[in-house]
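Enquirer: Let me give you the structure first, and then I'll get to my questions.
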Amino acid sequence: MSDSIKGPAPAPTKLDGSSLRIAIVHSRWNKTVVDALVAGTIKKLKETGVKESNIVVQSVPGSFELPLACSKVIFGSHVQAGATATDLLGGLSSLMSPNPTSRTSTPAPQIATMPHQPFDAVIAIGVLIKGSTMHFEYICESVSHALMRVQLDTGVPVIFGVLTALTDDQALERAGIGRGANKGHNHGAANLQFIVLRFNLFLASL
Ligand code: DLZ
C-alpha cells in the first residue's frame, strides 16, 4: 500500500456511468503498454456502470495523431459501435513500416463509419517514451496542448490518458505491467474512470 499523497480525491457521490457514451481513442505505438491501458480503462469503465455497447474504441498510428482523431470522433465522421479497434486515420498508418522492437506501431485495421452519436467524453490514450532526440519533447508538448484545445473548442471532455515516460520500465510500471518485482499500477486506467464520470457530474451541475 503506497503512502503517497498524489492522485484524485475520492468520488463525492456513488458514480453511475450507465447513461454515458464514451469514446476511447488510442495510439498503436508502444502497443504493449497502450493495450494494457486500454484494457484497464474499459474494465474500470464497465465496473462503473458504463455499458460495453456505449464504449467505442478507435486507434491511430501514434500519439501525434490523437488530437485530430479525437476531434473527428467528436464530430462523428468515423465512428464504429462496440469495443473493437478501428483505424481512424487509416491512410497514415500504411505509410509507417512496422518495427521489430517493443516500440512498434501495429498494422491498421479498416475504417468504419456510422451516423453521429454524441459522446459524453473522449479518452485519449497514448504512450510516449523518451528517445535520444528531441522528438519526445515536441510530441508531448504539442499533443497535450492540442488535446486541451479539442476539448475547449468542442465542449466535450477529452481525458488525458497519454503516458509520458522517460524509460521503457517507467512506462510498463505505469501500466501495471512492470518487468521487476514492482509491477506498478495501471495509472491511466485506475484514475480515468473517476475523472470521466466526475467531469460529467461537474458539467451536468453547471
Ligand atoms: C515517431 C514516434 C516516436 C519516435 N515515438 C513515439 C512514441 O514514443 N509514442 C507515440 O505514440 N508515437 C511515437 N511516434 C509516432 C508519432 O506519434 C506519429 O505517429 C508520427 O510522427 C507520424 O505523425
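The values are calculated or read from the model by the stated rules, or taken from the named source; none is laboratory data. Model, not experiment: these values are computed from the prediction. Positions of Cβ are backbone-derived with ideal geometry, glycine not excepted, and every protein chain shown enters the neighbour counts.
Enquirer: In region 48-66, what count of residues is obtained for those that are more than 11 Å from the chain's Cα centre (by Cα) and either part of a helix (DSSP H, G or I) or away from the ligand (no atom under 12 Å from the Cβ) (or both)?
Expert: Residues meeting the conditions: 11.
Enquirer: With the condition kept exactly as written, say whether any residue in region 88-103 is modelled with pLDDT of 90 or more, within 16 Å of the ligand (Cβ to nearest atom) and of a type in the set (S, T, N, Q).
Expert: No: zero hits.
Enquirer: Quick check on residue 45: is it in a helix (DSSP H, G or I), aliphatic (A, V, I, L, M) and out of contact with any strand residue (DSSP E or B) (no Cβ under 7 Å at 6 or more places or on another chain)?
Expert: On the way: in a helix (DSSP H, G or I): yes; aliphatic (A, V, I, L, M): yes; out of contact with any strand residue (DSSP E or B) (no Cβ under 7 Å at 6 or more places or on another chain): no.
Against the criterion (in a helix (DSSP H, G or I), aliphatic (A, V, I, L, M) and out of contact with any strand residue (DSSP E or B) (no Cβ under 7 Å at 6 or more places or on another chain)), residue 45 does not qualify.
Enquirer: Being within 24 Å of residue 184 (Cβ to Cβ), of a type outside the set (Gly, Ala, Ser) and within 10 Å of the ligand (Cβ to nearest atom) is the filter here; which residues of region 135-167 pass it?
Expert: Filtering region 135-167 down to residues within 24 Å of residue 184 (Cβ to Cβ) leaves 136-137, 139-140, 143-144, 147, 159-167.
Then drop every residue that is not of a type outside the set (Gly, Ala, Ser), which leaves 136-137, 139-140, 143, 147, 159-160, 162-164, 166-167.
Of everything in region 135-167, those that are within 24 Å of residue 184 (Cβ to Cβ), of a type outside the set (Gly, Ala, Ser) and within 10 Å of the ligand (Cβ to nearest atom) turn out to be 136, 139, 140, 143, 162, 163, 164.
Enquirer: Can you tell me which residues in region 19-42 are in a loop (DSSP other than H, G, I, E, B) and at pLDDT below 90? Step through it out loud before you land on a result.
Expert: Here is the first cut: in region 19-42, the ones in a loop (DSSP other than H, G, I, E, B) are 19-21, 28-30.
Within region 19-42, 19, 20 meet the criteria.
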